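S.K.: Encoded as structure tokens, here's the structure I'll be asking about.
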Amino acid sequence: MQIVDQIIVLLEKAGADRYGMEAVSQLEHALQCAMHAERMGSTPELITASLLHDIGHLVGDGDEGAAERGIDAGHEHLAADGLERYFPLAVVAPVRLHVDAKRYLCQAEPHYWAGLSQASKTSLEVQGGIYSDAEAAGFIAQPFAQDAVLLRRWDDAAKTPNLKTPDLAHYRPIVAAALKGAA
């Protein structure tokens, strides 16, 4: 359970900062994304992935402004690499794939790109751009790709200023239930 406490503290402290060019903080974004997943009746693993999908932005020196400078900080890989010791693939894989899910959705659904925030459009370019048909087909055939697409949709919807959400204490037992060996 120590890792759950560490995650909560990281989200509370580092997550208070603004989320790039978005109008919400990292913590608000994480809570909104988890709330959307929970409201859809998702598993504890997918709710946890939704809460923690951007935790890679908060570790180390952070990556504030990297995309605007043309740098892909690989936050999805930083997050997944840090989580894989404690959580099963049902948490780690959607986290690792949520950026690729954006690239996929831009190819699979032509109207999707127009609905992205300006920050997401900017980061898309440094993250490799829109998938080709072949890349999209390869992505969606992977295990957990469908979960990553769901997470991506909640991620896109999780940028509403002042939206009322459950707090971190609400998600603590859900995160604990998603730990490896918790079941």
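The values are calculated or read from the model by the stated rules, or taken from the named source; none is laboratory data. Predicted model, so just to flag it, every value in this text is computed and none were measured. Here the Cβ positions follow ideal geometry from the backbone for every residue, glycine too, while neighbour counts run over all protein chains shown.
S.K.: Taking the condition of being polar (S, T, N, Q) and not in a loop (DSSP other than H, G, I, E, B), how many residues in segment 37-55 meet it?
M.R.: Result for segment 37-55: 2.
S.K.: Looking at (1) under 17 Å from the mean Cα position of the chain (by Cα); (2) surrounded by 14 or more Cβ atoms within 10 Å (Cβ to Cβ), which one does Q146 not meet, given that it meets all the others?
M.R.: All conditions pass for Q146, except number (2).
S.K.: With the structure loaded, tell me whether A108 is touching a helix residue (DSSP H, G or I) at 6+ places or on another chain (Cβ under 7 Å) and free of Cβ contacts under 8 Å to residues at least 40 places away in the same chain or whether it fails that test.
M.R.: So A108 fits the description; yes.
S.K.: Could you say whether any residue in segment 127-143 is within 27 Å of A16 (Cβ to Cβ), buried (at least 20 other Cβ atoms within 10 Å of the Cβ) and in contact with a helix residue (DSSP H, G or I) (Cβ under 9 Å, 6 or more places away or on another chain)?
M.R.: No.
S.K.: I need a count of the residues in segment 123-163 that are of a type in the set (S, T, Y) and under 21 Å from M40 (Cα atoms).
M.R.: 1
S.K.: Residue pairs, Cβ under 9 Å, 6 or more apart or interchain, first in segment 152-180 and within 19 Å of H98 (Cβ to Cβ), second outside any helix (DSSP H, G or I) and acidic (D, E). List them.
M.R.: The qualifying pairs are D155/D54; K159/E22.
Listed here are the residues, each with its yes/no results for (1) at pLDDT below 85; (2) over 15 Å from H29 (Cβ atoms); (3) in contact with a Phe, Trp or Tyr (Cβ under 7 Å, 6 or more places away or on another chain).
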| position | (1), (2), (3) |
| --- | --- |
| G62 | yes, no, no |
| A79 | no, no, no |
| E84 | no, yes, no |
| F87 | no, yes, no |
| A101 | no, yes, no |
| E109 | no, yes, no |
| D133 | no, yes, no |
| A137 | no, yes, no |
